[in-house]
Amino acid sequence: MKKRVAAVITEYWDICHADVILTKMLDGFRMDGRQYASTIDIVAMYVDKFPPTDLSRGMAAKHGIPIHGTIREALLAGQSEFDLDGIIIIGEHGDYPDNELGQTLYPRRLFFEECLKVMLEFDRIVPVFTDKGFAVVREDIEWMYRQIKQNRIPFMSSSVVPYSPQRPAEKPFPNGAPLRKMFGFCYGPVERYVYHTLEMMQSIAENRACGESGICRVKAYKDGEAIGRLLSEEWNGIYRTLGGYINLRNLDTFPSEIKDPVFVELNYKDGLKSGVLMANPEVVTFASAYQVDEQEAPICREFLLQGGKPYIHFGRLVLEIEKFIHTGRPPHAVERSLLTTGGLDACMRSLHTGEAIDTPHLIVNY
């Protein structure tokens, strides 16, 4: 039986996140030679903005879905009771202001808060999927995490990257292995894509032998300081290994080719160190390396995204979302999203101030 859900979104236009997720649910899609039809019914929508390129009204008319003027009305779906089976929030893309840190203030907390009010009013908690990070700034991130835990909300928030095919397909980094250091490439802009790299690496890091204990400190470097940190004794070896894996032309001259480089260093409570290099315009892939021991060669992984339509990597995410709506069991702990979303916020704060950011709110076990 199909599950009935409401979609709460910022905007809906060609190749935005609402399109590459919801259109697959509405129209179906092909992946790996198979045709998939959705196992959920989107019965109501709330759309925050309607730009000239809007697709939401046409898609809603095509599929007989009412677009409501408020989130509450969308969740009630024309009824006097809240009886939906799930909620999909896509708070990504759209014309929203930036704060002084360069963070785009998408209304993700507002969307979630309005949904929470309805669930509490009718004493009906349902699975909630929120696309990408579940909030933007630290205060909202901490507030949402508390609400999710206190109200025992089945909750999923994720980048598409961890669910993408990996290369090489054989010999993945073994679950339960200890982990000393990890490094990943990223491309820009900073806030939108550092997040994806953090998600890519955390999806592997959380499986290490000791379990996850959280992030205690984040420091972001830019321009010459970023390159100096990259080429330091601490990071040079793992950078060269991964650069060789993805066939960067010349590892000696490559750093000078990077436009406005950013290097982010995250220190975990258990001693694990993570580094992210934003390397525009030369690196446009999500590639990462993982090192068990200083004396061992890093294991390299590349997470593969389709560079054009139909962006089939989102099809894999859609299948995970639908399974989550049906079962109420998220594919990973909400703490992963807490670390990646909170780590990104700390990165933006560090870039703004030039200082390292202590993150006691990100010291969690799972």
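Observations, loosely collected:
- Any chance E282 is modelled with pLDDT under 90 and not aliphatic (A, V, I, L, M): yes
- In the stretch 330-366, the residues that are part of a helix (DSSP H, G or I) and among the polar types (S, T, N, Q): S337, T340, T341, S350, T353
- Per the listing L272, L198, the residue uniquely surrounded by 19 or more Cβ atoms within 10 Å (Cβ to Cβ), touching a residue at least 60 places away in the same chain (Cβ under 8 Å) and touching a Lys or Arg at 6+ places or on another chain (Cβ under 8 Å) is L272.
- Taking the criterion of being within 14 Å of S203 (Cβ to Cβ) and buried (at least 18 other Cβ atoms within 10 Å of the Cβ), the only residue of the stretch 342-366 that qualifies is G343.
- Verdict on Y96 being surrounded by 13 or more Cβ atoms within 10 Å (Cβ to Cβ), under 23 Å from K2 (Cβ atoms) and either at pLDDT 95 or above or of a type in the set (G, A, S) (or both): no
- Criterion (within 21 Å of I325 (Cα to Cα) and either touching a Cys at 6+ places or on another chain (Cβ under 6 Å) or in a strand (DSSP E or B) (or both)) met by exactly one of I87, I65: I87
- Residue pairs meeting the criteria (Cβ under 6 Å; at least 6 apart or on separate chains; first more than 13 Å from I88 (Cα to Cα), in the stretch 308-322; second outside any helix (DSSP H, G or I) and open to solvent by 40 Å² or more (accessible area, probe 1.4 Å)): I312/Q306; H313/L305; H313/Q306
- Meets criteria (hydrophobic (A, V, I, L, M, F, W, C), surrounded by fewer than 22 Cβ atoms within 10 Å (Cβ to Cβ), closer than 26 Å to C16 by Cβ and at pLDDT below 95) for V292: no
- Restricted to the stretch 39-93, and to residues there that are among the acidic types (D, E) and open to solvent by less than 30 Å² (accessible area, probe 1.4 Å), the residue that is farthest from the chain's Cα centre (by Cα) is D54.
- Unique residue being farther than 20 Å from C186 by Cβ, β-branched (V, I, T) and surrounded by 14 or more Cβ atoms within 10 Å (Cβ to Cβ) when the list is V264, V318: V318
- Some residue of the stretch 109-126 being at pLDDT below 95, farther than 19 Å from I215 by Cα and among the charged types (D, E, K, R): no
The values are calculated or read from the model by the stated rules, or taken from the named source; none is laboratory data. Keep in mind that what you see is a predicted model, and the values were worked out from it rather than measured. Don't worry about glycine lacking a Cβ; one is built from the backbone with ideal geometry, like all the others, and counts go over all protein chains shown. With ligands, DNA and RNA removed, areas are computed over all heavy atoms of the protein, side chains included. Shrake-Rupley method; radii C 1.70, N 1.55, O 1.52, S 1.80 Å.
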